[in-house]
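Quick notes on the structure that follows.
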Amino acid sequence: MINGLKKWRLFTLMAALIFFLAGCGREEISTLIPAGGVAQDQFNLLLLSSAVMLFVIIVVTIVYVLAITKFRRSKLGDEMIPEQVEGSAKLEFLWTAIPIVLIIIIAIPTVYQTFDLADTRTMDVEAEDGSMTNLTVNVVAKLYWWEFEYPEQGIVTAQELVVPTDQRVYFNVVSADVKHSFWIPSIGGKIDANPENTNTFYLTFDQESSELEDGVFYGKCAELCGPSHALMDFKVKTMNAEDFEQWVTAMQEEPTSPSDELAQTGEQLFTEKTCIGCHATSGVGTTGGVGPNLATFGDRNRVAGILEHNEENLKAWIQDPQQFKPGNQMPDPSSYNNGEPLTEQELDALAAYLMSLSVEQ
Amino acid sequence: MSSNAQKSGFGATVWDYITSVDHKKIAILYLMSGGLFFLIGGIEAMMIRIQLMKAGNDFLSAGTYNEVMTMHGTTMIFLAAMPLLLGFMNAIMPLQIGARDVAFPFLNSLGFWLFFFGGIFLNLSWFLGGAPDAGWTNYASLALASESHGIDFYALGLTISGFGTLISGINFLVTIINMRAPGMTYMRMPLFTWTTFVASALILLAFPPLTIAIFFMVFDRLFGSHFFDVAAGGNTIIWEHLFWIFGHPEVYILILPAFGIFSEIFAIFSRKRLFGYTALVFATILIGFYGFMVWAHHMFTVGLGPTANAIFALATMIIAVPTGVKIFNWLLTIWGGSVSFATPMLYAVGFIPSFVAGGVTGVMQAMAPLDYQLHDSYFIVAHFHYVIVGGVVLAIFAATHLYWPKMFGTMLSEKLGKVTFWLFFIGFHLTFFIQHFLGLMGMPRRVYTFGADQGWDLFNAISSAGAVFMALGVIIMLVNVVLTTVKNERVGNDPWGDGRTLEWAIPSPPPFYNFAQTPLVRGLDTYWIEKMEGNKEGMIYAEPLGDIHMPNNSFLPVVMSFGLFVASFGALYHPDDLPWTIPVIVLGLLITFGSMLLRSLKDDLGFHIHKEDLIKDREGVKTDGH
Amino acid sequence: MAHDVHDYVRTKEEYEYVRRQRAQEMRHMLTSFAMMIFLTLIAFTAVAAGFSTYLIVPIILLLAAIQVVLQLYHFMHLSNKGSGTIAFFMFSGMFVAFIVILTFVTIIWW
Amino acid sequence: MDINKKYTPQSWPDHPETATMEGKNKFVGFWLLLAAESVTFASLFATYLALKDKGPSGMEFTAAELFELPLVFAMTMILLTSSLTSVYAMYHMKNHNFKSMQAWLMITVLLGASFLGLEIYEFYHYVHEGFGYTNSAFSSAFYTLVGTHGAHVLFGLGWFIALMVRNAKRGLNTYNAPKFFLVSLYWHFIDVVWVFIFTVVYLMGVIG
Ligand code: HEA
Ligand code: HEA
Ligand code: CUA
Ligand SMILES: [Cu+2]
């Protein structure tokens, strides 16, 4: 036999516990710790709707608990035949009307926010000098990596989105192959990267990512796109407008050759081993690269979006990319190195070179 | 299981079931194969949970995980939940309306075999080069890019079984429209019959878009068309629309019969007439109706634009109202009743909080801007397992206990039944409640692994632990079935004592012709009325005892379905440039259409049971089915 | 079921009467047919004559819809008594069909 | 029901198609199938409209250039007429005039076959011009929509013929009357669909 009351207590206990634990979500990625205007709006909707839903659940629970405790046969006796009640128009009206009211309460902000978040009219507004007043980033999703182009600035980067705080940033999102979805949980809800059309939306970033434990916000691909869908991560660096300007200027400069000898060998190898055919090393450019632009590789937080950023992992990645991201589009060394794996020296050199690629210093 | 099993040998029994057109035997076939697929889907679920139990686990590889996850969803929805419900509809609905069988017994059998061969075909993919791996939603761009034949197995398998389901839907509709016993007006039909009716109507109108979408998929992948090929002007969003035009009604196809089952249970075990019967009926119809106007809530993030999103968001929220009407009417049915907590009622009582929790998260997802965060995260996984497991699966388990005596003539053990319930119920909440928070903490769905740096380890571990409880519950249920069948204690017409509708007025299991005389229905809960008036005979009859006309058994449904099965193999390997594919397609279609032609040319007039045999039967002398 | 064919033999007068009834009904059918042909002709000429697209499209769609009604109600006898349920399902089907097409050509596309 | 029972025009029921329980069931079931078919064709139409004139860059064919109305107009007239002839067949069926019914059915089949012939010619012609099934999204959608209708016509013809042959010796009874009635319903439905294909695909295609 069930004891409704006991169960209910258990439930509240569990719920309380879980709400406590929920606070432990990481601020780099939790929608419960919004770090941008859009996420904040959505979080507010979450709170509002949770309150309404909690109300619904409480009402149902009260009636429910009373019903199953008061009318048990063990209390009423086996012979009792209850009155066969047909129904009640009054009650029917009541429980039609109240939910309608509740629905209206959540419907109004829903409609408002739907239009507000889709409002990209100011995207193409030009300032007097012909430059754009707002920053626009073209996002291209590819099997398992992300490319970010800044058309106005003439630069392109990959895997790490760099954006200024406290202003609207507009995004044009499209896919180069299968469908993906662009999602930065703590900054705002997602939008799909479709192969057939460009989707447009905006986000704002309120917090500088350097304040975070990990130094970056986490971005995710949220649409199943193949074996490595789970690994199609990207990172977001937010900085104040000034730092951002600096970053853009640094990106626009032609990269200089590294001073370190090992890295210079690496640079050579990078050309010899045809890496350069897929990877650009200059920040100036447009989308369309076969592989990620590596101009900022030294500043990265991760290798290939997932591995901790150190030379060990970098070398392991170059030697066997499939091991880390099954099905990704970067070939094995054997395919461009006469069927051989790269030697340890070659790897060291390449790693040194790649680590030297930086625009932030 | 059936009484002539011992009499005529195992082979004969099997043959009898394979060729049977009796709705009760077909129901058992549905139950067995649906149950089998449920176990397969459940094992796949366990594999998912094992893989996700800790960060960076390597129990399944990335590719395999996608296959397992896809097959879990597909199997559970198409091959487990729906067939199990169709099984109960088959077993019970004709009895509830006092019919001798469904309107088209032959098609009933055909519907089953199409489903069965479709399901087998789909699952053969495991052994023939890889299962489908693009999710149960099979979105077009990924599905076209997928290299193995898995997607083709998905497309062709679901085509075959989809035809089966459509046929069953039409069959039930016609049965309910035409074959109700005298006096059984629409507003006297039991709620399970009503929900069968509306769910069948949804099948009728929702499966065609799926069939067409899959048709496009087959042609794109196997015969060179370009519906979804963006480079040639195609558009993958068409798949999404067609899939969800089907997909959303589909979830109501699942939940409405579950609602029906619970409605019966609440009335029986509260010993009380359903509160607000009329409201329940209209709520059912409304849910079915709205079900067709909300599909784009699965596509809020696709970029359809704010107008479409707003309209579909509002339309979706409305569904909470008729559903709420149902919840409250059930509560008021319990209220003032005499509630016995037998196992079916336990499930029904467990269902209410579980389903309400799942329903309200659904409404939260309907708020488009909020859904931008929730979509494709574990929040969604939590939502739909709350409504599906907390609604549909609990209903299937409840119905298993409730109708087992009616179908097999013996009661499942109450004690083991309650153990199953508690294990499953606790495990269910443990597994899925926490997934809401995983979603909110940024965990996307359909990920085969996650890094230790995301902060999701603990909750995933808890979730996996919960799944173990569910598995234990299911295993105990299997034990229960075996023990009960071995013990085989026979029960009477109305084993629960408080049966209200017609199916409880006849023996358990019913004779193969159901009602020797068609009953006369005098009101809602007609058997209850007779009982309360002290009618010793059980029912009042609308006709004198006379000869009964019955349809013949037939092997043709198996052959027809098998033909499509064969043809599908031809189509599947068609793009591989093998010489035998076209002949195999032709051969398969010849088998199917040939047997269709045979069926329509050969007059199959059935046979009669004579009055004398009926009288003998009533006096307890068993007559054989054939 | 066993007992559903009722044998009834009409008297001569009754028989004559139903024959006449049917012949008359058949004449109605011919009229509907003539109308269908006529409507098709109008649609065809409207297009052939090359009026403005915005004018023609609604007109020819309307003409097609009228033909559907004629087919359903005259040729297919949907109005017969006892056909209420099937008419309900038929219209539900057409309703779903309508929403699908409507959304595909309006709000749902970019 | 006795399959060998003979009827006279006087004893023939008013609604032979629904005189038996089987007939009633078939009648209702078939209408339901037609409701499902409406949604099927709606899906095809919606897809066609979405993909109209869409193709790879540099695609040659668009609806406005491709279609030839006179041929399609003739096809429309033929199919409409066949709808009428099948009504005649049902008229005779109700009067229990088996011979006339068979004759009108024959005419219906001939008209249907000529429709199908013209359609095949039309397709052949397009393919010959280079507008093949695998050309573009537009061509796939076009052939699938119109071809599905064509397949329905073909199936209808087969059904007509099978019934006519099977029952040639047997005459009308309440066992086969529902079958004749259903195939004629089916035929009308096909006609309705064609009216929309004519309007939406061809007429609206030509105006662009
Ligand atoms: C049985 C299956 C079932 C059922 C019954 C439901 C019921 C509902 N679902 Fe669910 N849903 C699924 C199965 C189901 N769903 C599945 C499988 C998916 C995911 C598919 C995939 O992507 O793989 C999904 C996804 C899904 C989404 C898409 C999310 C996304 O991917 O972004 C949405 C969005 O609106 C949604 C909404 C709803 C709503 C509003 C209901 C409503 O019907 C719920 C109504 C019930 C209640 C609200 C509770 C009772 C009511 C009251 C007590 C009255 C008072 C209440 C209020 C005023 C709120 N569902
Ligand atoms: C009817 C529908 C249904 C049912 C009943 C279930 C039941 C379960 N589901 Fe599933 N699920 C879906 C429909 C369903 N699911 C769908 C549609 C998806 C989406 C797929 C997609 O994204 O494409 C999904 C996805 C899904 C995911 C997300 C995967 C991902 O996004 O990566 C998870 C993860 O936890 C999960 C878990 C479970 C669990 C633990 C159960 C448990 O309730 C299962 C309980 C059953 C058992 C535990 C059976 C135990 C059996 C035995 C122990 C056998 C004994 C053996 C013998 C005797 C032979 N499901
Ligand atoms: Cu890209 Cu998932
Ligand atoms: Cu839905």
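Derivation of every value follows stated rules applied to the coordinates shown; laboratory data play no part. Note that the structure is predicted; figures quoted are calculated from it, not measured. All Cβ positions, glycine included, derive from the backbone under ideal geometry; neighbour counts span all protein chains shown.
Using modelled amide H (1.01 Å from N, peptide plane; none on Pro or chain starts), what sits under 5 Å from the amide H of residue A:219, excluding residues fewer than 5 places away?
Those lying under 5 Å, H to H, from residue A:219 are A:234, A:235, A:236.
I need the shape label for the range A:261-355. Rule: rounded when a/c is under 1.5, else prolate if a/b > b/c, else oblate, with a, b, c from the alpha carbon gyration tensor.
Because its axes are fairly even, with a/c under 1.5, the range A:261-355 counts as rounded.
What do you get for the angle between helix C:53-70 and the principal long axis of chain C? Use alpha-carbon atoms, 0 to 90 degrees, nearest ten.
Taking Cα atoms only, the helix is inclined about 10 degrees.
If r is the Cβ-Cβ distance from residue B:475 to residue A:259 and R0 is 56 Å, what FRET efficiency results, to the nearest 0.05?
0.25
Relative to the first principal axis of the alpha-carbon coordinates of chain B, what is the inclination of helix B:62-74, with its axis defined by its Cα atoms, in degrees from 0 to 90 and to the nearest 10?
Orientation of helix B:62-74: about 30 degrees from the principal axis.
How big is Rg to Rh over the range B:236-293, alpha-carbon atoms, Rh as the Kirkwood inverse-mean-distance radius?
1.17
If I take every Cα pair under 8 Å that is 6 or more residues apart in chain B, average their sequence separation and divide by the length, what percent do I get for the relative contact order?
Rounded, it is 16 percent for chain B.
Please find the FRET efficiency linking residue A:40 to residue A:286, where r is the Cβ-Cβ separation and R0 is fixed at 30 Å, and quote it to the nearest 0.05.
The formula returns an efficiency of 0.35 here.
Among the GluC sites (Glu not before Pro) within the range D:110-144, which fall in a DSSP loop and have no more than 14 other Cβ atoms within 10 Å of their own Cβ?
Here no GluC sites (Glu not before Pro) fit, given the DSSP loop and packing criteria.
Give me the percent relative contact order of chain A, please, defined on Cα pairs under 8 angstrom at least 6 residues apart.
16 percent
For the protein assembly as shown, what mean projected area does the convex hull of the alpha carbons give, in nm²?
With every direction weighted equally, the projected area is 52.2 nm².
Note the angle between two axes, namely the Cα long axis of helix B:320-334 and the longest principal axis of the Cα atoms of chain B, as a number of degrees from 0 to 90, rounded to the nearest 10.
The two axes meet at around 40 degrees.
Once the Cα atoms of the range B:223-342 are picked out, what are the Rg and Dmax in Å?
Just the Cα atoms of the range B:223-342 yield Rg and Dmax of 19.8, 66 Å.
Can you give me the distance in nm between label points at residue B:59 and residue B:590, each placed 7 Å from the Cα along the Cα-to-Cβ direction?
Here the modelled spin labels are 4.9 nm apart.
If you scale each eigenvalue of the Cα gyration tensor by 5 and take the root, what three semi-axes come out for the range C:9-79, rounded to whole angstrom and sorted largest first?
38, 11, 5
Only helical DSSP H runs with n ≥ 4 go in: add -39500 (n - 2.57) per run for chain C, normalise by residue count and round the 222 nm mean residue ellipticity to 500 deg cm²/dmol.
Dividing the helical sum by the residues of chain C leaves -25000 deg cm²/dmol.
Explain nothing, just compute: Karplus ³J(HN,Hα) = 6.51 cos²θ - 1.76 cosθ + 1.60, θ = phi - 60°, for every residue of the range A:134-148 in order, whole Hz, x for Gly and Pro.
In residue order, the calculated couplings are 10, 7, 10, 10, 8, 9, 10, 8, 9, 4, 2, 8, 10, 10, 10 Hz.
Can you list the aspartates and glutamates whose alpha carbon is less than 14 Å from that of residue D:94, not counting same-chain residues fewer than 8 positions off?
C:16, C:25, D:14, D:17
Would you pull out the residues with amide H under 5 Å of residue A:145's amide H, same chain only if 5 or more places away, H placed 1.01 Å from N?
Amide H neighbours of residue A:145: none.
Given contacts defined as C-alpha pairs under 8 Å and at least six residues apart, what's the relative contact order of chain D, whole-number percent?
37 percent
First measure r as the distance between the Cβ atoms of residue B:145 and residue C:11, then evaluate 1/(1 + (r/R0)^6) with R0 = 56 Å and state the FRET efficiency to the nearest 0.05.
Plugging the Cβ-Cβ distance into 1/(1 + (r/R0)^6) gives 0.15.
Looking at the range D:117-197, which trypsin sites (Lys or Arg not before Pro) are DSSP coil and have at most 12 other C-beta atoms within 10 Å of their C-beta?
D:169
Please identify the DSSP H helices in chain A that span no less than 24 Å along the helix axis (Cα) and have a mean Kyte-Doolittle hydropathy of 1.6 or more.
Helices passing the filter in chain A: A:37-70.
Are any of the pairs A:70/B:531; A:70/B:25; A:190/B:54 more than 31 Å apart by Cα-Cα distance, and if so, which?
Going by Cα-Cα distance, A:70/B:25 fall outside the 31 Å limit.
Within the range A:17-111, list the GluC sites (Glu not before Pro) lying in a DSSP loop whose Cβ has at most 10 other Cβ atoms in a 10 Å radius.
A:79, A:83
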